[in-house]
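Data first, discussion second: the structure below is written as structure tokens.
The values are calculated or read from the model by the stated rules, or taken from the named source; none is laboratory data. It should be emphasised that the depicted structure is a prediction, and the values quoted were computed from it without experimental measurement. Positions of Cβ are backbone-derived with ideal geometry, glycine not excepted, and every protein chain shown enters the neighbour counts.
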Amino acid sequence: MKTCAKAAWLVGTGAVAMSALLVGCGAKETADGKTLVEIVQYKPEAVKAFEALETKFNETHDDIELRIESPNDAMTILKTRFIREDYPDIIGIGGDINYSNFLDSDMLMDVSDYEGLSEIKESYLRTDKELEFIPMEGVYAVPYMANAAGVLYDRDIFMEHGWTIPKTLDEFYALCEEIQTAGIQPLYFGFKDVWTCLAPWNAICVDLSPSDICAQVNAGNAKFADAYRPVAEVTKSLLAYAQPDPFAYSYNDACTAFAKGESAMYVIGSYAVPQIKSVNPDINVDSFVFPASNHAEENVLNSGNDLQWSVDGR
């Protein structure tokens, strides 16, 4: 851990608020002499929440100015800024390949001495460790929000037709066939935004492949081609129950279509619910675990770090 304290997190009543206090280390300043703390986070759908956090923080701190940016294409912007050596103080990203790449490039600070880590579930801290290409000492991210990816479904449509939640892959296929027979679109996808492909992939992957497959491959004990073939096959099979050309529709298109009842189900994360309800506040939406295995006991809920904070370690 660097000797100069570069970041501290503050916990507010009723909600977790994150701020940074730069001390030394070449901290930036505003024109009026305040310490400038810059955060770039990748969740544009949460922009209003972070604008409120920024306002509240700045109203209660005279010597610090907090700026939180929530751009639509945050990863591209972040990578461009890193190339230019224009680093924000804190980045808010998901527990994904971007985090792995930034960590592998030695860009993030070890925050092992942050006291708030004791309040975070061990499973989410362990998730970040499993994202390391090469095992590292230390903690490089503070998980802030979790998500769950499975199958969202319209409860009203299900109750109207008497459909039940499938427990195995064969039951899921049978349900899709039954939905099609009723003249309803079973699934809708927004693969024009390629990141949405990860929702079904991850939901299937947790059932059919080991969670430490990356570590196994790096150790030379496994191959992605073998571990992910069943995952790829099930993922591809879903296209038979999707709308024509799902790669022509975006995430927003898919959320809107599902909200309007154009499909009975939508394989996506829980983060989509606010977007769906912004289109149809009255939709009776629920979710179930994607049953990728024909052994019901092997089907588990996929949950990950939807948003976490890392500190610039340069």
Quiz item: For residues in region 79-92 being free of Cβ contacts under 8 Å to residues at least 60 places away in the same chain and not in a loop (DSSP other than H, G, I, E, B), which is nearest to Asp106 (Cα to Cα)?
Solution: Phe82
Self-check item: Count of residues meeting criterion [in contact with a Cys (Cβ under 7 Å, 6 or more places away or on another chain), without any contact (Cβ under 8 Å) to a residue 40 or more places away in the chain and crowded, with 18+ Cβ neighbours inside 10 Å] in region 238-285
Solution: 0
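Take Thr76 and tell me if it is assigned to a helix (DSSP H, G or I), more than 28 Å from Ile120 (Cα to Cα) and either under 21 Å from the mean Cα position of the chain (by Cα) or at pLDDT 90 or above (or both). Explain how you work it out, then say what you get.
Details: assigned to a helix (DSSP H, G or I): yes; more than 28 Å from Ile120 (Cα to Cα): yes; either under 21 Å from the mean Cα position of the chain (by Cα) or at pLDDT 90 or above (or both): yes.
It is true that Thr76 is assigned to a helix (DSSP H, G or I), more than 28 Å from Ile120 (Cα to Cα) and either under 21 Å from the mean Cα position of the chain (by Cα) or at pLDDT 90 or above (or both).
Determine whether region 50-67 contains at least one residue that is free of Cβ contacts under 8 Å to residues at least 60 places away in the same chain, more than 22 Å from Asn302 (Cα to Cα), aromatic (Phe, Trp, Tyr) and touching a Gly at 6+ places or on another chain (Cβ under 9 Å). Explain how you work it out, then say what you get.
Within region 50-67, the first condition is being free of Cβ contacts under 8 Å to residues at least 60 places away in the same chain, and the residues that meet it are 50-67.
Retained after the next criterion (residues that are more than 22 Å from Asn302 (Cα to Cα)): 50-67.
Filter again for aromatic (Phe, Trp, Tyr), leaving 50, 57.
Cutting the leftovers down to touching a Gly at 6+ places or on another chain (Cβ under 9 Å) gives us 50.
Within region 50-67 (the criterion being free of Cβ contacts under 8 Å to residues at least 60 places away in the same chain, more than 22 Å from Asn302 (Cα to Cα), aromatic (Phe, Trp, Tyr) and touching a Gly at 6+ places or on another chain (Cβ under 9 Å)), the answer is yes, since at least one residue qualifies.
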Practice problem: Could you list, in sequence order, all residues of region 207-236 that are within 23 Å of the chain's Cα centre (by Cα) and farther than 16 Å from Val300 by Cβ? | Solution: Cys214, Ala215, Phe224, Ala227, Tyr228, Ala232, Thr235, Lys236
Exercise. Assess whether Asn98 counts as being modelled with pLDDT under 90, within 16 Å of the chain's Cα centre (by Cα) and of a type in the set (S, T, N, Q).
Key: no
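Taking region 238-286 on its own, how many of its residues are assigned to a loop (DSSP other than H, G, I, E, B) and of a type outside the set (S, T, N, Q)?
At the first step, the residues of region 238-286 found to be assigned to a loop (DSSP other than H, G, I, E, B) are 242-245, 249-250, 260-264, 280-284.
Those left that are additionally of a type outside the set (S, T, N, Q): 242, 244-245, 249, 260-262, 264, 281-283.
The total comes to 11.
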Quiz prompt | Qualifying helices (runs of 4 or more DSSP H) (wholly inside region 133-231; at least 3 residues being at pLDDT below 95 and among the aliphatic types (A, V, I, L, M)) | solution = 198-208, 213-218
Self-check item: Extreme residue, farthest from the chain's Cα centre (by Cα), among residues of region 101-132 that are part of a helix (DSSP H, G or I) and of a type in the set (Ser, Thr, Tyr)
Solution: Ser118
Quiz item: Do we find that Ala174 is without any contact (Cβ under 8 Å) to a residue 24 or more places away in the chain, exposed (fewer than 15 other Cβ atoms within 10 Å of the Cβ), within 19 Å of Pro291 (Cα to Cα) and in the same structural domain as Ser293 (by TED's automatic domain parsing) in this structure?
Solution: yes
